[in-house]
Amino acid sequence: MRGMKMKLTRATLSTVLTIVAALIVVAAIPSAVRDTLDTGRVYLFSRQFLDELPQRLTGPGRLRFVLQPLVAILLGWRSGRADVHAGRPAYLYGLVTGSVDRKQSLRNGFAVVRDLVAVGIVLDAVAQLLIYGQVHPGAAVVIGPVLICLPYAVSRALSYRIVRLMQRRVDA
């Protein structure tokens, strides 16, 4: 094994991240079902969920409200710069106008969103464990991605425009 090196590709890391997120959700389902049977309510649609939202902003959970959007912003910035350097139009603009291969662009977009959702789920599950001592899978699937997808989309669009403006100034 000494001569063999394990090559970690982006696809491999993405697959591992997706599997980890799926395993977290699947592992949390039995306790969520038990909680639903015991209380007669689904946590995500309950008054308790709404009452506990402010707790997510304090204590050990508050770091997530900084970390998740920050990760999304950095990934969005990277993707926006990559679009410019590859000569592609802004992502959503390219999809709407058809100036890119839509099938390939949607496939790439899905891969990025899949990674973002997986990161959001993992970080939300860890925060729930720290705050509540258990994971509510529905909340992890909803809250995590919300905190990560919007900042990513905004950051990708803004970075594309900023890098294009800087590129035009250098070319001029």
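Numbers for the structure displayed
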{"item": "Residue that is closer than 30 Å to residue 164 by Cα and either at pLDDT 80 or above or touching a helix residue (DSSP H, G or I) at 6+ places or on another chain (Cβ under 9 Å) (or both), where the choices are 67, 17", "result": "67"}
{"item": "Count of residues meeting criterion [loosely packed, with under 15 Cβ neighbours inside 10 Å and either basic (Lys, Arg) or at pLDDT 85 or above (or both)] in segment 105-128", "result": "1"}
{"item": "Helices (runs of 4 or more DSSP H) contained in segment 53-172 and holding at least 1 residues within 30 Å of residue 26 (Cα to Cα), of a type in the set (Phe, Trp, Tyr) and under 19 Å from the mean Cα position of the chain (by Cα)", "result": "64-85, 102-132, 137-171"}
{"item": "Lone qualifier among 62, 56, 88 - being touching a residue at least 24 places away in the same chain (Cβ under 8 Å), basic (Lys, Arg) and surrounded by 14 or more Cβ atoms within 10 Å (Cβ to Cβ)", "result": "56"}
{"item": "Condition met for residue 94 (of a type outside the set (Lys, Arg), without any contact (Cβ under 8 Å) to a residue 60 or more places away in the chain and loosely packed, with under 11 Cβ neighbours inside 10 Å)", "result": "no"}
{"item": "Selection count where residues are touching a Gly at 6+ places or on another chain (Cβ under 6 Å) and within 26 Å of residue 156 (Cβ to Cβ), scope segment 32-67", "result": "0"}
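The values are calculated or read from the model by the stated rules, or taken from the named source; none is laboratory data. Computed from a predicted structure; not experimentally measured. Methodologically, a virtual Cβ is constructed for each residue, glycine included, from the backbone with ideal geometry; neighbour enumeration extends over all protein chains shown.
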